[in-house]
Every structure is written in C-alpha cells, then in structure tokens.
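Report on the following structure.
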C-alpha cells in the first residue's frame, strides 16, 4: 500500500485542463518510490475513493477555472458532500467523503491548482501554466517530505 497518493485530474486534449494529467505523468517518472502511487485520470469517479482510503496523504492536482492564469494555489481539503449524484460532478472533497463513508478512512489531503489560461482543444499547456508547473511540482515534493505548501 502506498503511503502517498497523487491524483492528477484533467483532459490532456483540452490544453490547460490537462495540467493534472501531465503533472501526474511526469511525477510517476520523477518519483519512483514504493511509498508513492501516482494516478492520472480525466475525471474523478467513485472508484478513486478506494485508493484514497488506503493512503495517509492524498494530493489532488487540477487546473483551476478562476484566477490569474499561472497562479498556484495549494489548499487543504476536507470531506464534503458532492454537489450532485453523478460521477462527472465528483470533487476531491466528495471523493474524501466517499472514502470516509465507504471505508471508514479519510487521509489528510490537499488540492494543488494552477489557474488556467485556456481550455481550448489542444494537447499542450499554455505558457503561463507551463511556467508555474515547476513550483507546483516543488510543492508536491515539499508535501511528500512533510513541509508546509507554498502558494504563488
């Protein structure tokens, strides 16, 4: 069982929306550790709650729709009811709530985001998101090491 779970969320064919997916792929190569599991997914589904329940720390990575493009945010998240009953509207807080309800475990969790510039069709990240990606990855490494996260 991995002690740390990293979940990259996003569609790699929708420009900056693919941020989480791209970062997860990079981290899976850069963090070859037995205690870290990295998954890339286009959307959160109820099945992710099983993996979440087995971790001690979960880091969700996603593009933000609001904010100045390239702005990094890192916020702790807690279990909360999902806004809807459909899996396509499941949030990281909703996944934590499912882990708590279904498996009786809810690990510490953070949501790391970079404000997106574009959600247009395309397979590359915008310049502002690309420029902020190293800081996001540094935050991931800090959190894995037990340090406090930084926002930009």
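With q set to 0.21, 0.33 Å⁻¹, the log10 of I(q)/I(0) for region 23-65, from the Debye formula over equal scatterers at the Cα positions, is -0.80, -1.33. When 91, 49 are sorted by how many other C-beta atoms sit within 10 angstrom of their C-beta, beginning with the fewest, the order is 91, 49. Taking a ≥ b ≥ c as the square roots of the eigenvalues of the Cα gyration tensor, region 1-46 is classed as oblate, since a/c reaches at least 1.5 and a/b does not exceed b/c. For the pair residue 41 and residue 121 in one chain, pulling the backbone fully straight at 0.36 nm per residue adds 27.0 nm over the alpha carbon distance. Per residue of the chain, the DSSP helices (runs of n ≥ 4 H) give a summed -39500 (n - 2.57) that works out to -10000 deg cm²/dmol at 222 nm. Counting 0.36 nm for each residue step from residue 78 to residue 101 and taking away their Cα separation leaves a gain of 7.0 nm.
Between residue 25 and residue 130, full extension at 0.36 nm per residue minus the direct alpha carbon distance yields a gain of 36.4 nm.
With a simple spin-label model that places each label point 7 Å from the Cα along the Cα-to-Cβ direction, the separation between residue 108 and residue 141 comes to 2.0 nm.
Throughout, read-outs are computed from the coordinates displayed, never taken from laboratory work. Please read these numbers as outputs of a predicted model, since none were measured by experiment. With ideal geometry, Cβ positions are generated from the backbone for all residues, glycine too; neighbour counts draw on all protein chains shown.
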